Amino acid sequence: MNKEKTMMINAVAVFCGSQSGENGRFSEQTALLGKLIAQKNIKIVYGGGNVGLMGLLANAALLEGGCVTGVIPQILDKRERSHRGLTELLVVEDMHTRKKKMYELCDAAIILPGGYGTLDEFFEMITWNNLNIHDKGIFILNTDGFYNHLLEHFTMMQEQGFLYENPMERITVADCPEELLKFF
């Protein structure tokens, strides 16, 4: 954990997989995170799907009476089976518009296990943060070390002179939802 103080968060973007993965702890921790965020009365902004970790997150938050906004591009509206029971569902033109809208609607972002899309969203978020396009908190829920190799790669990128600063100055890593939410 890198940030010592808590942040005032009204809305958090959560980037995660449209599949659940092979490790049952991914689903368990995603559902717990959704529940805990809702209990803190923090709005969730996520990819809008009703499947995989996305669906688990949204459903857990909704069961707790949470506010959940989904943002999904037209091309994925059917593939990721848009969640029709959300507080709000925004169907946007394309992936770029989705990411931009999610960034606009959040105060911070949480990265959960996922695939290429999750990494794309994370890398754009950290890049924009590094370029001072925004200064939103970025948190990684590193369930069972899912992101250990990526974090090690960040260290190598810095050691090899490709980063202007220590990336861990902009990222907070937590191993469980309870630990992560101490920062909110």
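Structure above, values below:
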| item | result |
| --- | --- |
| Looking only at segment 100-143, and only at residues there that are of a type in the set (Gly, Ala, Ser) and at pLDDT 95 or above, the one that is farthest from the chain's Cα centre (by Cα) | Gly115 |
| Positions within segment 118-139 being touching a residue at least 40 places away in the same chain (Cβ under 8 Å) and either touching a strand residue (DSSP E or B) at 6+ places or on another chain (Cβ under 8 Å) or of a type in the set (Val, Ile, Thr) (or both), in sequence order | Thr118, Glu121, Phe122, Met125, Ile126, Asn129, Gly137, Phe139 |
| Residue count, segment 110-143 (criterion: assigned to a helix (DSSP H, G or I), within 22 Å of Ala58 (Cβ to Cβ) and not aromatic (Phe, Trp, Tyr)) | 8 |
| Subset of segment 40-70 (residues that are within 17 Å of Gln19 (Cα to Cα), touching a strand residue (DSSP E or B) at 6+ places or on another chain (Cβ under 8 Å) and not small (Gly, Ala, Ser)) | Tyr46, Asn50, Met54, Leu57 |
| Members of segment 1-24 that are at pLDDT 95 or above, in contact with an Asp or Glu (Cβ under 7 Å, 6 or more places away or on another chain) and closer than 20 Å to Tyr116 by Cα | Phe15, Asn23 |
| Selection status of Glu179, over 18 Å from Gly21 (Cβ atoms), modelled with pLDDT of 90 or more, under 17 Å from the mean Cα position of the chain (by Cα) and part of a helix (DSSP H, G or I) | yes |
| Filtered residues of segment 38-47 (kept if farther than 14 Å from Ile111 by Cα and either under 12 Å from the mean Cα position of the chain (by Cα) or surrounded by fewer than 20 Cβ atoms within 10 Å (Cβ to Cβ) (or both)) | Gln39, Lys40, Asn41 |
| Any hit, segment 25-33, residues being surrounded by fewer than 22 Cβ atoms within 10 Å (Cβ to Cβ), acidic (Asp, Glu), assigned to a helix (DSSP H, G or I) and at pLDDT 95 or above | yes |
| Selection from segment 85-109 of residues that are in contact (Cβ under 8 Å) with a residue 12 or more places away in the chain, out of contact with any Pro (no Cβ under 9 Å at 6 or more places or on another chain) and not in a loop (DSSP other than H, G, I, E, B) | Glu88, Leu89, Leu90, Lys99, Lys101, Met102, Tyr103, Leu105, Ala108, Ala109 |
| Segment 61-84, residues that are over 15 Å from the mean Cα position of the chain (by Cα) and either assigned to a helix (DSSP H, G or I) or among the charged types (D, E, K, R) (or both) | Leu62, Leu63, Glu64, Gln74, Ile75, Leu76, Asp77, Lys78, Arg79, Glu80, Arg81, Arg84 |
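The values are calculated or read from the model by the stated rules, or taken from the named source; none is laboratory data. What you see is a predicted model; the values in this text were computed from it and never measured. So basically every Cβ, Gly included, is an ideal-geometry build from the backbone, and we count neighbours across all protein chains shown.
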